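Working notes, beginning with the structure itself.
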Amino acid sequence: MSNNKQLSREDVIKLSVSRSAENKISTAQKLSGLYNSPNISMGERKLAEDIFRIMVEDVEISVRQILSECLKKSRNIPSDIVNKLIHDENSVSIPFIKYYEDLKDSELISILNAQNIDKQKAVAQRRNLSNEVSSYIVDKCNEEVVITLISNNSANIYEATYQNILNKYSDNEKVKRCLVYRSELPVTVISRLIQHLSEELQKRLILTHNLPADIASDIIEEVKEKATLKVSAEYSSDKQIEELVHELYSSNKLTPSLVVRSICMGDLKFFEYAIVYLSNTPITEVRKILYNTQVDFVIRNLLRKAFIPKNLFPAVFSALKVIKDIRFDLKNSNSKTFSHKVIERILSYSNAEEELDKKDIEYLISKID
């Protein structure tokens, strides 16, 4: 070695009998600097490790604390020394858990399973945490640790793990706020998250993730549509639904996208009254055309009269076919089941007059799912 002092067997013996914490701390600091030197010999490396083994057993916590601090940026430390450090008291183990790069996922999961919340948070703070460990944290740890994970922008998180977070913490404001300020989120997660945010946090989410104006507009519009249909689903009488449709029509919010989404979600009354207002056609005539006529062009004419774009016709026809062909009982089934049936119809939708390409199909399904 090029250092002034060589490691020797005497160093090991001296530390095994010395009661001076100051001496041990000084030696720990010296050895940690030498341990990862490219010039260290195999013999010297082994001697250093023997000294570390003595120190991790030291009764003085200050010695073990300094050792942890000194070794946290080292590499390839023997597993028995690593195991002693990560299972020591918090003041010793946490810096090591948080920064030692060579901890395996299996070791991190064993730390999480120990149910020590401070150590769990240290795991959640690690740089470049793997998708698998992030997923385990969301599954097994409490809200505080999950928030620590979300706040760690270097942590890798599967899209499915984000969805799990939203499932478990949809009403948790702290979790949602942390998600908003996370540097990266999948668009599917943003689309779902934004539905549960205040207007202020919706704006912050869009700004934080620098969404293009068209995507941001689409997401916000989708949120509004879903919220409107949720209100409609709570109404039972024709009068209540007609009043809702009238209010939307009067404020220019009765958009084709909203109207088509309603029938694809099985909200037939909303769809019927929307067509009534948009096409200026009596409700009895609308229902007769939609459900009784066997001639598609009559329905097409009604949709054109209501200013429904042609590229949305397949979604309407698919929903009508679900209603007519399998006599779907909407009262005993939920809207998700109905919409899945509509998606199946759209995927198989094809006739001589209209062929749907992949882009059209994806667009139509986005209005349903």
Can you name every residue in region 263-317 that is part of a helix (DSSP H, G or I), surrounded by fewer than 16 Cβ atoms within 10 Å (Cβ to Cβ) and hydroxyl-bearing (S, T, Y)?
T284, Y291
Which one of these is part of a helix (DSSP H, G or I) and within 40 Å of the chain's Cα centre (by Cα): L85, L34?
L85
If you check S68 against the conditions, is it in contact with a Phe, Trp or Tyr (Cβ under 6 Å, 6 or more places away or on another chain) and modelled with pLDDT of 85 or more?
yes
Just one of the numbered conditions (1) in the same structural domain as M55 (by TED's automatic domain parsing); (2) modelled with pLDDT of 95 or more is not true of S74; which one?
(2)
Counting only residues in region 158-200 that are of a type in the set (D, E, K, R) and more than 22 Å from L129 (Cα to Cα), the one surrounded by the most Cβ atoms within 10 Å (Cβ to Cβ) is identified as R192
Residue among E57, E22, E44 that alone is at pLDDT 85 or above and acidic (D, E):
E57
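The values are calculated or read from the model by the stated rules, or taken from the named source; none is laboratory data. Please read all numbers here as calculations on a predicted model, not as lab measurements. Here Cβ is always computed from backbone atoms with ideal geometry, including for glycine, and neighbour counts include all displayed protein chains.
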